[in-house]
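Notes to accompany the following structure.
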Amino acid sequence: MRTPAAGLTVCLLLLAGCSAAPTGRADGALRVMALDQCADQYVLALGEGHDLSLSPRADDPDSYLRAEAAGHRKVRPTLEAVVARAPDVVVRYWGGDAHLLAALEKRGITVVTIADAPDYATVEDNIARVAEALNREAEGEALISDMRGTLARGAPGAGHAPVSALYLTSGGFTTGGGTLVDATLKAAGLENAADHAGYGPVRVERLAMNPPERFVLGFYDQVRADRRGAGRHPLVQGLVEARPHTRLPAAVLTCPAWFMADAVPALAALREAS
């Protein structure tokens, strides 16, 4: 009986020993493989006409383009799956272990890694790089243009009064500077009430003593998640209900992508709420 380790070795040898990666079919279609849910969104938005293999989470409730994922092949991001599919292009955010990535590099397969984005300029770069790899530059430019238009619709006018807002997840975490959430709040003319960079927990007692003017709630639509998290504490819930707030669905928060900009018009309305 062949052991799992032996099977992995065979797959590595097959992948490493093959000739140069294929360049797609005669009609120009490429075999494209997404290794995680974030990569799914990019290849679904930019890969029309190509042969797409998506991750098993492509049609989960927190997948932004879950409806578009219907009918596409779902493949686990393993070395064996890559050998079977022989993709021309692999797109990933966090998916793929070190063995798989090393094998892809040795094989000469084009791998596009979506960068974590602290701002929308980085999102634009992500879009452009995936679009170039998929020979869909025009579609990428259109997506960037649409995102810029969405951001512009929520931008504050000159001289707007500063309004503080705290991003809060159901698990009791928030985020400060250097994140796409922070860039999104600022794009809507809101001041981030978090006093730290990156992600961190919220202390209920401190929140009660110094609550923000507005709340921006994330992942609260995942009703079975973090049921005992600080974000669902009765005191926190009371603070939220007493102030203007809005809820952002998990589907716009799980990936550094263009659809995060969809939150900006809603946040602009929150800015003006009384």
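The values are calculated or read from the model by the stated rules, or taken from the named source; none is laboratory data. It should be emphasised that the depicted structure is a prediction, and the values quoted were computed from it without experimental measurement. Using ideal geometry, Cβ is built from the backbone for each residue, glycine included, and neighbour counts are taken over all protein chains shown.
A few comments on the model shown:
- Qualifying residues in the range 78-132 (those that are within 15 Å of Gly47 (Cα to Cα) and of a type in the set (Asp, Glu)) - the one surrounded by the fewest Cβ atoms within 10 Å (Cβ to Cβ): Glu132
- Residue count for the range 92-136, restricted to those that are assigned to a loop (DSSP other than H, G, I, E, B) and without any contact (Cβ under 8 Å) to a residue 60 or more places away in the chain: 2
- Condition check for Gly140 on (1) surrounded by fewer than 17 Cβ atoms within 10 Å (Cβ to Cβ); (2) in a helix (DSSP H, G or I): one failure, at (1).
- Here Ala194, Ala158 are screened, and the one residue that is closer than 21 Å to Ala273 by Cβ, surrounded by fewer than 16 Cβ atoms within 10 Å (Cβ to Cβ) and either among the hydroxyl-bearing types (Ser, Thr, Tyr) or free of Cβ contacts under 8 Å to residues at least 60 places away in the same chain (or both) is Ala158.
- Any hit, the range 53-65, residues being surrounded by 22 or more Cβ atoms within 10 Å (Cβ to Cβ), at pLDDT below 95 and not in a helix (DSSP H, G or I): no
- The set of residues in the range 244-274 that are in a loop (DSSP other than H, G, I, E, B) and buried (at least 16 other Cβ atoms within 10 Å of the Cβ) comprises Pro244, Pro249, Leu253, Thr254, Cys255, Pro256, Ala257.
- Here Pro87 clears all of (1) assigned to a loop (DSSP other than H, G, I, E, B); (2) closer than 23 Å to Leu253 by Cα except the condition numbered (2).
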